[in-house]
Every structure is written in C-alpha cells, then in structure tokens.
C-alpha cells in the first residue's frame, strides 16, 4: 500500500507539473481575450438573417472564453436588445462546447486530432441545436 | 515493455509543450503591454480574479486524480468506461460531465489520465459535451429564457452529447483503419 501511495503521489505530481503551465497560460489568454473583446462589440454584428445570426453566435461563443454564467447573462441581454434567439442559442451552446482559446491545451493534453474534430463538430452542433430549439419552441407555440 | 519509451516521450513532449505555450502567452502579454498598457493591466487583474476562482477546483481535481491513481484499477476503467462498457459507460460519462464544475482545463488532465487507463474516446467526447448542461445554473437559464426553452435546450444537449460520442468513435475507427 505504501509503495502504491508513493507511486500515485509521484504520478499525480507529474500530471500537476505538466498541467500547471497550460492552466496558467490558458487563464492568462482567456483574461486577455475577454478584456480585448467587450460585450458592446457583439451588439452591432447580429440581425441580418437567421442562419448568419446562428453562425455568428456560434463563432462568437466559440472564440469567447469564460464562465457559462456570463454567457447566460450576456445571451439574455442580447435577446432583450433584439438579437434573435437563433444567435443567442448558438452562442450559449458553443460558449461551453467549443473552445478556440482552450484548443491548444485540449490538443496538448487529449491529442490534436481529437481536439480539432471535437471542436469542429461542436461548432456545427451549436448551429443545429439553435435551429432545432427555436423550431421546437415555434412548434410548441402552435399547440398553445 | 514495448510501449514504455513511447509513453515517456509523449509525457516529456507534453510537459515541454506546456512551458513553451506559457512562454508564448507571456510574450503576447508583453506585446500587448507595449501597445496598450491599460488593456494588459486589466487582463492581469482579470487573471488574478479568475485564478482565485480556479485554484480550489484545481485542488479538487488533483485530489480526484490522486484517488484515481490510488484506487482505480485499469480493469475497472476498462469495464465501466472502456471498449465494452456499454450503456453504463455512456451514462457515467454524461453524469460526470454534468457534475464537473469549474474551468475545463483541469478536466482535460483527468480525461487524459482515464484514457491512458482504457477509457473510450467517445466517452471523453460525451463527458466534454455534457459539460454544457450546468445543473446549478439552470435557474438562471429559466430566468432569462423560460422553462420551456430550458427544457428543450437541455433535451437537445443530452441528445447531441450522445451523437458527439458516436461521431468521435466513428472518426477514431476511420483513423485507425487508415493507419
């Protein structure tokens, strides 16, 4: 048991040493991206058509990093200011599922092809979910 | 025995890559400071605030990793999250993703560790996708978008987390076949 304890501690320490610079780097990069692209920049971009809105929403959510809580508040504010639900849904879904900023870390830890394919797929899924959600809501409203 | 040198190389490469990445980010900060000192200072203040939130999660994750290294046998991982894990593995990955809190970076390390012990790629994808369902934040989502919208969105996120796992599994199979 003592040997196993030592082995586990050594393995965990090695993982910690490997992950520490990536975590610090990602937090620094996230902070810079969030500060460089404030919320007002996004407001003027939306409102052309549904597909473009979803595309922009997914793109914006994918490149923006931060706590999901921020995406709900931000999405809610965008919706209140007249941005379509297609854009807002794509944004809040891709905010958590797509991570352009986190991509280098994901590629380093989980593998390059896994990270690229997963993020690309999640980006397309965010657009699909936006359309499915809004259409489902519209369909439900027909029965009410 | 055959795999040992490969593992050591991979781990060393990852460790080196991480430090190079941090150096590049610091360089970006240096350039930003030269162009816009105020923005760089704001970003550093935001980093300190973020790090303050992240370190307790990091601590929990590394305790989890230590426990996994100590108690989890590769046989167990192979059984519940491995190639023949079946429905239990999918369910475990989905619930795990929903319950995982904090930034995603520490969880990459946990998934990497689990994959080394035999976790399926598809389940890693399911775990990461189902992180989109934040159970403690659902009241906020309901507040902004309504209960019907929240229920529909969560339903689609569950369905698409499974699809993401299936697609990643297929991609892995195609890659294996072509190699």
Completion exercise
For chain A, the Cα-Cα pair-distance distribution in 10 Å bins from 0, as whole percents, is 11, 33, 28, 15, 8, 4, 1
Practice task
Over region A:87-142, calculate the relative contact order: mean separation of alpha carbon pairs under 8 Å at least 6 apart, over the residue count, as a percent.
Solution key: 45
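If you average 1/r across every pair of different Cα atoms in region B:33-165 and take the reciprocal, what Kirkwood value do you get, in Å?
One over the average 1/r among Cα pairs gives 16.7 Å for region B:33-165.
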Practice task
Work out how far the C-alpha atoms of region B:13-52 reach from end to end along every principal axis, then list the three figures in whole Å, largest first.
Solution key: 35, 26, 5
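Within 10 Å of each Cβ in A:114-120, how many Cβ atoms from other chains are there, averaged over the peptide?
4
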Fill in the blank from the handout: Shape call for region B:92-169, from the Cα gyration tensor axes a ≥ b ≥ c (a/c under 1.5 means rounded, otherwise prolate when a/b beats b/c, else oblate), comes out oblate
Handout entry: Alpha-carbon Rg with Dmax, taken over the protein assembly as shown, Å
Key = 20.3, 66
Exercise for the section: With everything on Cα atoms, drop me the angle between helix A:112-142 and the longest principal axis of chain A, reported from 0 to 90° to the nearest 10. Expected result: 30
Fill in the blank from the handout: Using alpha carbon centers only, region A:99-135 is separated from region B:117-169 by a whole-angstrom value of 13
Completion exercise
With the 8 Å Cα cutoff and a minimum separation of six or more residues, region B:96-179 has a relative contact order in percent of 38
Problem - Unit Cα scatterers, Debye sum, region A:60-139: log10 I(q)/I(0) for q = 0.15, 0.22 Å⁻¹ - result: -0.54, -0.96
Exercise for the section: Only Cα pairs under 8 Å and at least 6 apart count here; give the relative contact order of chain A as a rounded whole percent. Expected result: 24
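Every number in this text was worked out from the coordinates using simple rules, so none of it is lab data. Computed from a predicted structure; not experimentally measured. For neighbour counting, all protein chains shown are included, and Cβ atoms are generated from backbone atoms with ideal geometry for every residue, glycine included.
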